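Written below as structure tokens is the structure these notes are about.
The values are calculated or read from the model by the stated rules, or taken from the named source; none is laboratory data. Computed from a predicted structure; not experimentally measured. Cβ sites come from the backbone with ideal geometry, for glycine too, and all protein chains shown count toward neighbours. We work out accessible area using only protein heavy atoms, side chains counted, and drop any ligands, DNA or RNA first. Shrake-Rupley method; radii C 1.70, N 1.55, O 1.52, S 1.80 Å.
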Amino acid sequence: MIEAILGNFYIIFYTFPRMFVLKIGGSALTDKKTGTIFVNEVAERVARELNDEQCVIVHGVGYVGHKLAKQHSLHLGLQDNQLAWARLRVEVKKMTRIIVEKLVEHGVPAVEVSSADIMRASNGKLVSFDVSIIDEFVKKGFVPVMHADGALDDVRGLSVISGDTIVTELALKLGVSRIIYGTDVDGIYDVEGKVIPEIHELSSVELWEVDDFSGGMRKKIEEALRLKNVDVQVINLRKDGALADVLAGRHAGTLIRR
């Protein structure tokens, strides 16, 4: 842990050089077109392939979450849609429960941590993210599991905070050395549909323009390039071995490094 005084602010940075953050993407957990669910399969694979390094897991909301958010315009905030927000939480927590149960079955001491309890927003932007609870769980040997969620917002009432945003905040405040994004594809594709082994700047690559692939991946690259001295790996969590390979130091998917 590093403590610093900046102006009138007292800041604490937590440093876990061997810890990583694993994002289990909504695209890995569910098919965004058909709604087919792969939660059990992916959770089982993650539980089998994790090693003994310290980690925090964040998962996306998947097809059901995105469908509810779109149907009830949750991106606009709290607008007499409290029941829709509650249903969204119920559906996402079903996935969290499965992931935590699979991890525990395989001997991983996973615990759910509510994202909504530790973050606040203002007009759609994350302004507060308290990692002290995460820090305590990790120090005590647990693997915290979180998900994308609605944060209390002093302007909109509630705001959707994506899993990718949570991952970046965790990396910045915990001082981790690696982020692994688990998706339903083998990495980030170029215009010819081939996996790009490494990316060091966004302007140097042209992305595949099929099924809004470039839009979602471009955001991941932008988030990754905000981070210094953090390796960001994009892999396929629908396939056996990709996570194990990365954790063992072997190359898989696409490496993003600033």
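Looking at His72, His66, which is the one that is under 23 Å from Ala28 (Cβ atoms) and open to solvent by 60 Å² or more (accessible area, probe 1.4 Å)?
His66
Please find, among Val191, Val176, Val185, the residue that is modelled with pLDDT under 95, loosely packed, with under 15 Cβ neighbours inside 10 Å and not aromatic (Phe, Trp, Tyr).
Values: Val176 fails: loosely packed, with under 15 Cβ neighbours inside 10 Å; Val185 fails: loosely packed, with under 15 Cβ neighbours inside 10 Å.
Just a single option satisfies the conditions, and that option is Val191.
Taking segment 126-143 as the region of interest, how many residues are surrounded by 12 or more Cβ atoms within 10 Å (Cβ to Cβ) and touching a residue at least 12 places away in the same chain (Cβ under 8 Å)?
Number of matching residues: 11.
How many residues are modelled with pLDDT of 80 or more and surrounded by 15 or more Cβ atoms within 10 Å (Cβ to Cβ) when one looks only at segment 199-224?
3
Which of the following residues is more than 18 Å from the chain's Cα centre (by Cα) and either part of a helix (DSSP H, G or I) or modelled with pLDDT of 90 or more (or both): Leu88, Leu83? It would help to see each step written out before you state the result.
Numbers: Leu88 fails: more than 18 Å from the chain's Cα centre (by Cα).
Of Leu88, Leu83, the one residue that is more than 18 Å from the chain's Cα centre (by Cα) and either part of a helix (DSSP H, G or I) or modelled with pLDDT of 90 or more (or both) is Leu83.
Checking the condition aliphatic (A, V, I, L, M), at pLDDT 95 or above and under 27 Å from Val64 (Cβ atoms), which residue from Val131, Val160, Val127, Val108 passes?
Val108
Need pairs with beta-carbon distance below 6 Å; first residue open to solvent by less than 10 Å² (accessible area, probe 1.4 Å) and within segment 38-50, second β-branched (Val, Ile, Thr) and outside any loop (DSSP other than H, G, I, E, B); sequence gap 6+ or separate chains.
Val39/Ile98; Ala43/Ile98; Ala43/Ile99
Please give the number of the condition Asn81 fails out of (1) touching a residue at least 24 places away in the same chain (Cβ under 8 Å); (2) crowded, with 19+ Cβ neighbours inside 10 Å.
Checking Asn81 against (1) touching a residue at least 24 places away in the same chain (Cβ under 8 Å); (2) crowded, with 19+ Cβ neighbours inside 10 Å, the one that fails is (1).
Kindly check whether there is at least one residue in segment 12-27 that is farther than 18 Å from Ile179 by Cβ, in a loop (DSSP other than H, G, I, E, B) and either open to solvent by 70 Å² or more (accessible area, probe 1.4 Å) or at pLDDT below 95 (or both).
Kept after step one, since they are farther than 18 Å from Ile179 by Cβ, are these residues of segment 12-27: 12.
Right, trim to in a loop (DSSP other than H, G, I, E, B) and you get none.
So far as segment 12-27 goes, no, none of its residues is farther than 18 Å from Ile179 by Cβ, in a loop (DSSP other than H, G, I, E, B) and either open to solvent by 70 Å² or more (accessible area, probe 1.4 Å) or at pLDDT below 95 (or both).
Tell me, yes or no, whether segment 244-258 has at least one residue that is open to solvent by 10 Å² or more (accessible area, probe 1.4 Å) and at pLDDT below 85.
yes
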